[in-house]
Amino acid sequence: MQKITEGEIIPPEKFSKILTEERKKIIAVKRHRRIASKTFSYLFENRDTVLNQINEMILIENVHDAKEKDHILKTYNELIPGDKEFSVSMFIEISDEKKLLKEMPRLTGIENNVYLVFADTELKGIPEEGRSTATLESTLQYLKFKFDEKKAESFKKTKNAFVVTRHSIYKESAEINEELLSDLKKEL
């Protein structure tokens, strides 16, 4: 997928006027591209999801400075899937704050235990560099699933696929629905 360029960014004063409509659109896109297990949800990122994040960040921060825009672009463009890869945002979906505070230390290392499983194949998720710490500090983790040619061909032929966590405490699975699976095959 092509990286997002500065020319695609909507100035904050214009984006604020279309924010409600843009949110409706992106909610529909994300609903289609998100799967969930009991504790986690996974958003398969694409240009639409990332461009929306960039526009919202620039609006919230009221960014007009070229260097700041460039920094935001560089940061968020890392979420755009590269050739033969998926980029996934993993969310810890524990809504009870007390339970979340209790579970966060127990979830340490979860980002190193996520797999994309299909056919007779599994790909280990590659966490964003520099985010892993001795204690899990964020309910959001960024992962990449990178394919070689053989695994990409196998994925394109698979009938089903799952995102699986194999953490010592959290062992869960989320099936990729048929519609999303079809789209991911085309994107690969």
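Read-outs throughout are calculated quantities, based only on the coordinates presented, and are distinct from any laboratory measurement. On a predicted model such as this, the values are computed, not experimentally measured, just so you know. Heads up, the Cβs are rebuilt from the backbone with ideal geometry, glycines too, and the neighbour counts pull from every protein chain shown.
A few remarks follow.
- Flag if residue 155 is touching a Phe, Trp or Tyr at 6+ places or on another chain (Cβ under 7 Å), surrounded by 15 or more Cβ atoms within 10 Å (Cβ to Cβ) and in contact (Cβ under 8 Å) with a residue 60 or more places away in the chain: no
- Some residue of region 58-72 being closer than 25 Å to residue 186 by Cβ, crowded, with 20+ Cβ neighbours inside 10 Å, among the aliphatic types (A, V, I, L, M) and in contact (Cβ under 8 Å) with a residue 24 or more places away in the chain: no
- For region 8-28, the tally of residues that are under 18 Å from residue 47 (Cβ atoms) and not in a helix (DSSP H, G or I) stands at 2.
- Filter result for residue 39 (under 29 Å from residue 93 (Cβ atoms), within 17 Å of the chain's Cα centre (by Cα) and not charged (D, E, K, R)): yes
- Some residue of region 32-49 being free of Cβ contacts under 8 Å to residues at least 12 places away in the same chain, among the β-branched types (Val, Ile, Thr) and in a helix (DSSP H, G or I): no
Here is a yes/no grid of residues against (1) farther than 19 Å from residue 140 by Cα; (2) surrounded by fewer than 18 Cβ atoms within 10 Å (Cβ to Cβ):
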residue	(1), (2)
14	yes, yes
17	yes, yes
46	no, no
51	no, no
80	no, no
87	no, no
93	no, yes
99	no, yes
102	no, yes
